[in-house]
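A short worksheet on the structure shown next.
Readers should treat all values here as calculations from the given coordinates under stated rules, not as data from a laboratory. Remember, it's a predicted structure, so these values are computed and weren't measured experimentally. Here the Cβ positions follow ideal geometry from the backbone for every residue, glycine too, while neighbour counts run over all protein chains shown.
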Amino acid sequence: MNDTFLKACRGEAVDYTPVWLMRQAGRYLPEYQAMRSQVDFLTLCKNPKLAAEVTLQPVDILGVDAAILFSDILIPLEVMGMRLEFSEKEGPVLSDPVRNKAGVERLEIPDPEEDLPFIFDTIKLLRKELANRVPLIGFSGAPFTLATYLIEGGSSKSFVHTKRMMFQNSPAFHYLMEKLSTTVSSYLSAQIKAGAQAVQLFDTWAGVLTPFDYAKYALPYVKRIIAEVKKEGAPVIYFANDCAGILKEIKKTGADVTGIDWRIDLGDGIKKLGKKAVVQGNLDPCALFLPHEQIEDRVKDILWKGESARGHIFNLGHGVLPQTPVENVIALVEAVHTYGRKP
Ligand code: 1CP
């Protein structure tokens, strides 16, 4: 069994630096595109057989050291009572955004196993199909990031509705964060009970907050979720995109592993988190457009810097972009496996 990834999460000694990639399943893979030409995105997420197939594609094609459940962070918002659509152009659209107390009150706290059975069926099917080849990672959006989608009604640039609600209607905002935190805790715990061997909390938009506001409006909920989910015994990874300005606060999350985006030098990130930290990251996803030798140089640099932490899991600093050439992603994984061998 390849448990290198799980050992690295726990800060244990490993033979080589393990690697997996955020968004390793998806549009850059022709095999994924073939599947998507047959079914729409939400149908794919809700069909355990197809979702499991798409989850396994990068494991077979790239030879990564972990699989990540194919789903989306917005899926649980549907069973909280929101109408969710993915439009080809605009991305996710949530109708009737939540902008006040009444909106928060309407949201239901789901019973994950009861309301999202396909998630747990997919996890169980994947554990069977993986047969311990590599560990399976489950995931959820972190409450602040989920709140931005609920409040904005989709993607955003300025997050003006989110911050306005945060500042002008703090009680309603905190009430929303409470409901989301309860949902995320039970959702991640249920994923681990069903067979997920590690879980990642994606806080994609946490970096739009000032350090003060991150500490006040987001961090307490992240801490609470991580403390709760850790009781299940599986490692918890916390990834905040654009984390450089808030790393001092992120140090307090209690996560087993901290994901780092590419905007900060990995060595500097480790200095801020302390040498006891286990880190994940942080190649710029656009570095995959470089020639192979230059990808290798950047891999070596990141591997070398990762050595100063208690543990390092190689990853990109954010998700694989749809335009990425597959052969470069394969070359990346090979380079990590070649140069990440421990003497
Ligand atoms: O057209 C398509 O096929 C849909 C594209 C797609 C895919 C492949 C979306 C729509 N989601 C996903 C899968 C997905 N999303 C995974 C699968 C597992 C893997 O990594 O291989 C994961 C973990 C996510 C998580 C996710 N969804 C995040 C957090 C991670 C990140 O990238 O920051 C976020 C923010 C979303 C929202 C989302 N889902 C999809 C879109 C277009 C968006 C909007 C992004 C935005 O607001 O800019």
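Taking only the alpha carbons of the chain, we obtain Rg and Dmax values of 19.0, 60 Å in that order. Rounded to the nearest 0.05, the FRET efficiency derived from the C-beta distance between Arg133 and Glu90 at R0 = 45 Å is 0.75. Between Ser170 and Lys231, the FRET efficiency from the beta-carbon distance, with R0 = 22 Å, is close to 0.15.
Applying the Karplus relation 6.51 cos²θ - 1.76 cosθ + 1.60 with θ = phi - 60° to region 76-93 yields 3J(HN,Hα) values of x, 5, 4, 7, 7, x, 8, 8, 10, 9, 10, 9, 4, 8, 8, x, x, 10 Hz, where x marks Gly and Pro. Legend: residue pairs Lys223/Lys271; Lys89/Lys248; Lys46/Lys163; Lys216/Lys271; Lys179/Lys252, Cα-Cα distance threshold 26 Å; pairs beyond threshold, Lys89/Lys248; Lys46/Lys163.
Here the Karplus curve 6.51 cos²θ - 1.76 cosθ + 1.60, taken at θ = phi - 60°, turns the phi angles of region 111-123 into couplings of 9, x, 4, 6, 8, 10, x, 5, 4, 6, 5, 5, 4 Hz, with x standing for Gly and Pro. Each part reduced to its alpha carbon centroid, region 169-218 and region 281-334 end up 28 Å apart.
Normalised by residue number, the volume inside the convex hull of the Cα atoms of region 108-155 is 109 Å³ per residue.
Computed on region 1-158, the Cα convex hull volume stands at 142 Å³ per residue. The mean sequence distance of close C-alpha pairs (under 8 Å, at least 6 residues apart), as a share of the length of region 39-276, puts its relative contact order at 18 percent. Taking only the alpha carbons of region 1-61, we obtain Rg and Dmax values of 14.7, 44 Å in that order.
Charged neighbours of Ala255, selected by a Cβ distance under 11 Å, balance to +2 (K, R count +1; D, E count -1).
Put a dot 7 Å past the Cα of Arg341, heading toward its Cβ, do the same for Lys101, and the two dots end up 6.5 nm apart. Partners of Lys128 within straight-line reach, counting aspartates and glutamates whose Cα lies under 15 Å from its Cα and excluding those fewer than 8 residues away in the same chain: Glu53. Database remark: amide H of His312 closer than 5 angstrom to the amide H of Val279 (H placed geometrically; neighbours at sequence offset of 5 or more, or on other chains; Pro and chain starts carry no H). Any chance you could give the angle, 0 to 90 degrees and rounded to 10, that helix 219-230 forms with the longest Cα principal axis of the chain? Rounded to the nearest ten degrees, it is 60. Taking amide H as placed 1.01 Å from N in the peptide plane, the amide H of Arg23 sits under 5 Å from that of Val320, each at least 5 places away or on another chain. When only the Cβ of Lys, Arg, Asp and Glu is charged (+1, +1, -1, -1), the dipole of region 39-276 relative to its Cα centre reaches about 980 debye.
Which net charge results for the neighbourhood of Gln33, defined as the other residues with beta-carbon distances under 15 angstrom from its beta-carbon, given Lys and Arg at +1 and Asp and Glu at -1? It would help to have the intermediate numbers written out before the result.
Working: positive: Arg23, Arg27, Arg36; negative: Glu31, Asp40, Glu53, Glu88.
Local net charge: -1.
Proximity of backbone amide H atoms, modeled 1.01 Å from N, is registered between Tyr16 and Lys342 at under 5 Å, excluding neighbours fewer than 5 places apart on the same chain.
What is the gain in length, in nm to one decimal, between Asp60 and Asp265 on full extension, counting 0.36 nm per residue of separation less the C-alpha to C-alpha distance?
Working: separation 205, 0.36 × 205 = 73.80 nm, distance 3.07 nm.
Fully extending the segment from Asp60 to Asp265 adds 70.7 nm.
Taking the DSSP beta bridges with both ends in region 39-276, the antiparallel portion is around 30 percent. The 3J(HN,Hα) values that the Karplus relation (6.51, -1.76, 1.60; θ = phi - 60°) gives for region 276-290 are, in residue order, 7, 6, 9, 10, 10, x, 9, 5, 4, x, 6, 5, 6, 8, 7 Hz. Gly and Pro appear as x.
Both the radius of gyration and Dmax for region 62-144 are 15.8, 48 Å, in that order, over alpha-carbon atoms. Sorted largest first, the principal axis extents computed over the alpha-carbon atoms of region 96-175 equal 51, 27, 19 Å.
Summing Lys and Arg as +1 and Asp and Glu as -1 over all other residues whose Cβ lies under 13 Å from the Cβ of Pro97 gives a net charge of +2. Measuring from a point 7 Å past the Cα of Arg83 along Cα-to-C-beta, which residues in region 137-158 have an amide N at less than 18 Å? Residues passing the 18 Å test: 150-155.
Taking a point 7 Å from the Cα of Phe41 along the Cα-to-Cβ direction, the residues of region 279-299 with backbone N closer than 20 Å to it are 285-286.
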